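**Student:** One structure, as structure tokens, below. Some questions next.
The values are calculated or read from the model by the stated rules, or taken from the named source; none is laboratory data. All values reported here derive from a predicted model rather than from experimental measurement. Every residue, glycine among them, receives a Cβ derived from its backbone with ideal geometry; neighbour counts consider all protein chains shown.
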Amino acid sequence: MLKAKKSHRNKTIDFSLREGQKYFNRCVDGSSELSIGKIINKTINGDAFEVMKDMPRKFIDLLIVDPPYNLSKDYHGNKFKKTDNESYAKYTEQWLKLVMPLLKDEASVYVCCDWQTSIVIGRILPKYLNVRNRITWQREKGRGAKENWKNGLEDIWFATNNSQWTFNLDDVKIRKKVIAPYRENGEPKDWQVTKNGNFRDTCPSNFWDDCTIPYWSMSENTAHPTQKPEKLIAKMILASSNIGDVIFDPFLGSGTTSVTAKKLGRKYIGIELDKTYCAWAEKRLEMADSDNSIQGYTDGVFWERNTLGEQKNTKGKPPTEELTKDKDGQLALQVG
């Protein structure tokens, strides 16, 4: 059956494997050799639980995990069936045991979950990692319920492999409008005057209310049912890694972690079971070659909601940052 023709404003990536075969052909077969040279900046097609057994040891600087939540869900034909908490705990420990040997000593870890799986993950993570915080982010989208509160929030657990880790506070500050600016001796106090208005760059908390779930008119949007915003992933990457570090996502989905890592000058490796999602990820990675913008991140800072006009006046990419290629031909973010 033919798909209905999309509006020219609808940028959703939603093509079949046959239509995207050239993109899938760029992926690495998870059953092949998995040396670091073969998998760096690649999408690996395969079952993460099998692939991770054969991956190099201690290569991950930053691990971002968005595992299937404990919900009955159809991921393009690959179905996950809701189970009890103890079974989900065993599932979580299974992938944790496989990924732990892949982490560098000073690696950081972020694990995404909803309120139900957060109860389980918050109990399991401390067995393997040093839990540092629990972030809650407002996802906006979500269906209402007749006999319960609408689920509009999700959690992200932040953990580290040992007592030393990367955290770049200045890279994740949030730029907010100052409505009633305070002055001391006639000078701005804790805010700045710009040609686009008065702003304050504030330190981020563990509650994020400035991220928007991708929608049909955004170029990052795909038909994946649980896609995360690039801005959300960018916060984790900028805070907990440096240029050239390796970012790993064992449940890659439609590629958001790899795409965002590439846009920010990091190296990436992702595993995805579904071949069509792999093709979508590779399509997005190709698009990032010509457009490295991240909605809500300009001028080297994250902007609060409803500041699109001010962001546009920065003319897109931060003027003090430039993406160039390093000696290996990979994109790297140069700051100057």
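**Student:** Report the residue count in segment 30-46 for those that are closer than 12 Å to residue 267 by Cβ and in contact (Cβ under 8 Å) with a residue 24 or more places away in the chain. Outline the logic, then answer.
**Tutor:** Going residue by residue through segment 30-46, those that are closer than 12 Å to residue 267 by Cβ are 36-37, 39-42.
Still in the list and also in contact (Cβ under 8 Å) with a residue 24 or more places away in the chain: 39-42.
Selection size over segment 30-46: 4.
**Student:** Now for a different question. Could you list, in sequence order, the residues of segment 18-42 that are loosely packed, with under 15 Cβ neighbours inside 10 Å, closer than 20 Å to residue 257 by Cα and among the small types (Gly, Ala, Ser)?
**Tutor:** Correct list: 37 only.
**Student:** While we're on this one: For segment 43-59, what are the residues that are touching a strand residue (DSSP E or B) at 6+ places or on another chain (Cβ under 7 Å) and buried (at least 20 other Cβ atoms within 10 Å of the Cβ)?
**Tutor:** Of segment 43-59, the ones touching a strand residue (DSSP E or B) at 6+ places or on another chain (Cβ under 7 Å) are 43-46, 48, 51, 58-59.
Passing the criteria: 43, 44, 45, 46, 48, 51.
**Student:** Let me ask something additional. Give all pairs with beta carbons closer than 6 Å in which a residue from segment 238-249 that is in contact (Cβ under 8 Å) with a residue 24 or more places away in the chain meets a residue that is part of a strand (DSSP E or B) and among the small types (Gly, Ala, Ser); count only pairs at least 6 apart in sequence or on separate chains.
**Tutor:** Listed pairs, sorted by first residue: 240/108; 243/332; 249/270.
**Student:** Taking residue 125 as the residue in question, decide whether it is at pLDDT 95 or above, out of contact with any helix residue (DSSP H, G or I) (no Cβ under 9 Å at 6 or more places or on another chain) and surrounded by 19 or more Cβ atoms within 10 Å (Cβ to Cβ). Before you say what the answer is, go through the steps one by one.
**Tutor:** Details: at pLDDT 95 or above: yes; out of contact with any helix residue (DSSP H, G or I) (no Cβ under 9 Å at 6 or more places or on another chain): no; surrounded by 19 or more Cβ atoms within 10 Å (Cβ to Cβ): yes.
For residue 125, the condition - at pLDDT 95 or above, out of contact with any helix residue (DSSP H, G or I) (no Cβ under 9 Å at 6 or more places or on another chain) and surrounded by 19 or more Cβ atoms within 10 Å (Cβ to Cβ) - is not met.
**Student:** Can you name the residue in segment 1-38 that is among the β-branched types (Val, Ile, Thr) and touching a helix residue (DSSP H, G or I) at 6+ places or on another chain (Cβ under 9 Å) and is also modelled with the highest pLDDT among such residues?
**Tutor:** Residues of segment 1-38 among the β-branched types (Val, Ile, Thr): 12-13, 28, 36.
Restricting the remaining residues to those that are touching a helix residue (DSSP H, G or I) at 6+ places or on another chain (Cβ under 9 Å) gives 13, 28.
Values: 13: 82, 28: 98.
It comes out as 28.
**Student:** Please indicate, with yes or no, whether at least one residue in segment 207-226 is assigned to a loop (DSSP other than H, G, I, E, B), surrounded by 14 or more Cβ atoms within 10 Å (Cβ to Cβ), modelled with pLDDT of 80 or more and in contact with a Lys or Arg (Cβ under 7 Å, 6 or more places away or on another chain).
**Tutor:** yes
**Student:** Would you check which residues across segment 133-163 are under 21 Å from residue 68 (Cβ atoms) and in contact with a Ser or Thr (Cβ under 6 Å, 6 or more places away or on another chain) and list them?
**Tutor:** 153, 155
**Student:** Just give me the residues in segment 97-112 being assigned to a strand (DSSP E or B), buried (at least 17 other Cβ atoms within 10 Å of the Cβ) and out of contact with any Lys or Arg (no Cβ under 6 Å at 6 or more places or on another chain), in sequence order. Spell out how you get there, then give the answer.
**Tutor:** Narrowing segment 97-112 to residues assigned to a strand (DSSP E or B): 103-112.
Still in the list and also buried (at least 17 other Cβ atoms within 10 Å of the Cβ): 103-104, 107-112.
Result: 103, 107, 108, 109, 110, 111, 112.
**Student:** Could you look through segment 168-181, keep only residues that are modelled with pLDDT under 85, surrounded by 10 or more Cβ atoms within 10 Å (Cβ to Cβ) and in a loop (DSSP other than H, G, I, E, B), and pick out the one that is farthest from the chain's Cα centre (by Cα)? If you could, list the steps in order and put the result at the bottom.
**Tutor:** Here is the first cut: in segment 168-181, the ones modelled with pLDDT under 85 are 175-181.
From what is left, the residues that are surrounded by 10 or more Cβ atoms within 10 Å (Cβ to Cβ) are 175-178, 181.
The next check asks that each one be in a loop (DSSP other than H, G, I, E, B); those that pass are 178, 181.
Numbers: 178: 29, 181: 34 Å.
Looking at residues that are modelled with pLDDT under 85, surrounded by 10 or more Cβ atoms within 10 Å (Cβ to Cβ) and in a loop (DSSP other than H, G, I, E, B), I get 181.
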